[in-house]
Amino acid sequence: MCGIAGFFGTKKINLETINKTLVSMKNRGPDYSSFVQKEASGKKSVYLLHSRLSIIDLHERSHQPYSIGNYTIIFNGEIYNHLELKENLISKGIKFQTSSDTEVLLHYYILYGEKCVDHLDGMWSFAIYDSNKQILFISRDRFAEKPLYYNISSEGIYFGSEISFIKNLSQKQFKKNKKKINQLLSFGPKCVFKDNKTFYEDINLLGYSENLHCNNNLNIKIEKYWKPEF
């Protein structure tokens, strides 16, 4: 597993806070950690943080955040059909710099936009910043195998694989969600994932097969891209 975290909004995050967050992310990815900062119009900033557990293509060329042109991705998970997808891309004349599924995934976003998830078989939570359109695109896999939490505030959106990453990056104190705690104590663990609320107020869980889209005006849209059929 890997760890991802980030922010898109009006706040400037200092290097000390970023490094503290990266240290807290090493439990999910001990092999390498880094971040990128990008500027957007309207005095907006984008921060993408990643901690890597190397599984596919162990070479440093596959370290993240990973960029192709104006597109940058941080990715936790595995795309099971990435070799088949890669063959399709090669047939279109695309050349590869790595043997990672990360590069395949980002190329699919470049080609198909947010519809890229329709082609994927695997487990994932990822975030892509598209500098051309100045949008942040976040996705979670069909069965919610990989975690993704987010906090929306007046200054922007924070997100991460763990709630602690959001707390560290935002430097905020979040109130306990007493209603959620009472549900757990009253009805047991089965009730925890009945909705997208967490044990902290103002921190939500991105649901199964959901995409989150945030534009440069910080307008946020969440859509479900897949539902099981019986």
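The values are calculated or read from the model by the stated rules, or taken from the named source; none is laboratory data. Keep in mind the model is a prediction, meaning the values are calculated, not measured. FYI the Cβ positions are ideal-geometry reconstructions off the backbone, even for glycines, and counts take in every protein chain you see. Areas reflect the complete protein model, heavy atoms only, side chains present, ligands, DNA and RNA absent. Shrake-Rupley method; radii C 1.70, N 1.55, O 1.52, S 1.80 Å.
Overview of values
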{"read-out": "Check on LEU48, of a type in the set (A, V, I, L, M, F, W, C), at pLDDT 95 or above, closer than 19 Å to SER139 by Cα and open to solvent by less than 40 Å² (accessible area, probe 1.4 Å)", "value": "yes"}
{"read-out": "The range 192-204, residues that are open to solvent by 20 Å² or more (accessible area, probe 1.4 Å) and either over 17 Å from the mean Cα position of the chain (by Cα) or aliphatic (A, V, I, L, M) (or both)", "value": "VAL192, PHE193, LYS194, ASP195, LYS197, PHE199, TYR200, GLU201, ASP202"}
{"read-out": "Check on SER153, of a type in the set (Ser, Thr, Tyr) and surrounded by fewer than 17 Cβ atoms within 10 Å (Cβ to Cβ)", "value": "yes"}
{"read-out": "Meets criteria (open to solvent by 60 Å² or more (accessible area, probe 1.4 Å) and among the polar types (S, T, N, Q)) for ASN70", "value": "yes"}
{"read-out": "Which listed residue, of GLN171, GLN183, is touching a helix residue (DSSP H, G or I) at 6+ places or on another chain (Cβ under 9 Å) and open to solvent by 80 Å² or more (accessible area, probe 1.4 Å)", "value": "GLN171"}
{"read-out": "All positions within the range 8-44 that are closer than 15 Å to SER164 by Cβ, open to solvent by less than 10 Å² (accessible area, probe 1.4 Å) and not in a helix (DSSP H, G or I)", "value": "GLY29"}
{"read-out": "Any hit, the range 75-91, residues being within 23 Å of PHE8 (Cβ to Cβ), crowded, with 20+ Cβ neighbours inside 10 Å and of a type outside the set (S, T, N, Q)", "value": "yes"}
{"read-out": "Conditions (1) closer than 22 Å to ILE55 by Cα; (2) out of contact with any Phe, Trp or Tyr (no Cβ under 7 Å at 6 or more places or on another chain): number failed by GLY9", "value": "(1)"}
{"read-out": "Given (1) on the phi > 0 side of the Ramachandran plot; (2) outside any loop (DSSP other than H, G, I, E, B); (3) aliphatic (A, V, I, L, M), index of the condition ILE138 fails", "value": "(1)"}
